[in-house]
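Data block below; observations after.
The values are calculated or read from the model by the stated rules, or taken from the named source; none is laboratory data. Bear in mind that the values here come from a model prediction, so they are computed numbers and not experimental data. Neighbour counts are summed over all protein chains in view; Cβ atoms, including those assigned to glycine, are modelled from backbone coordinates with ideal geometry. Side chains included, ligands, DNA and RNA excluded: accessible areas come from the protein's heavy atoms. Shrake-Rupley method; radii C 1.70, N 1.55, O 1.52, S 1.80 Å.
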Amino acid sequence: MNNAESDFWQMSNLTAEFYDCLDRRDYAGVLGCFTQNGIWHRRGSYVQGREAIKAALEARPSNFHTSHLVSNVRVQQTSPMDGAVSFCMSGYPYIGDLSPGEYAAPPRVHLVAMYRDVMKKLDGRWLIVEKKCVRIAYKDDQHLP
């Protein structure tokens, strides 16, 4: 695998890693996806820095569960150390208590949107500098925590 192929894989994998960690409530993993001063445009708020992102994540209720699907991934590397991943994200929330091994009722989609993760390669690892919704295609009327 050459450098360009490796960067392509690492950048697209970082976007998948972010949502995997978020859905598993692995907040340390989520924070590890961002630069120290990374920005997350989240639910109409501007959250900057790992400490602020951590506080926003910890404010999520324990009975709030999510599943995110990422598709239509496009990787654009603008220099050896800079690039972006554009993608479509569908979000499926569930609010309710679940016992270990229990499954939620079939979810309904809450959001379908186009996102863009601006990235920078630091110390050999790609990290998110800014995560931003570019366009919302569909949003239901649920008021989520």
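Here residue 54 is the anchor, and the lysines within straight C-alpha reach of less than 19 Å, apart from those fewer than 8 places off in the same chain, are 131, 132. Go ahead and estimate [θ] at 222 nm for the chain from helices alone: -39,500 (n - 2.57) per DSSP H run with n ≥ 4, summed, over the residue count, rounded to 500. For the chain, the value works out to -7500 deg cm²/dmol. Cα convex hull, region 1-107: 134 Å³ per residue, rounded to a whole number.
Axis of helix 3-23 versus longest Cα principal axis of the chain: the two differ by about 20°, to the nearest ten degrees. Within the shell of other residues whose beta carbon sits under 10 angstrom from the beta carbon of residue 118, the net charge comes to +1, with Lys and Arg scored +1 and Asp and Glu -1.
By accessible area, using a 1.4 Å probe on protein heavy atoms only, the chain has 53% of its surface on carbon and sulfur. Only Lys, Arg, Asp and Glu carry charge here, each on its Cβ (+1 for the first two, -1 for the last two); on that basis the chain has a dipole of about 380 debye about its Cα centre.
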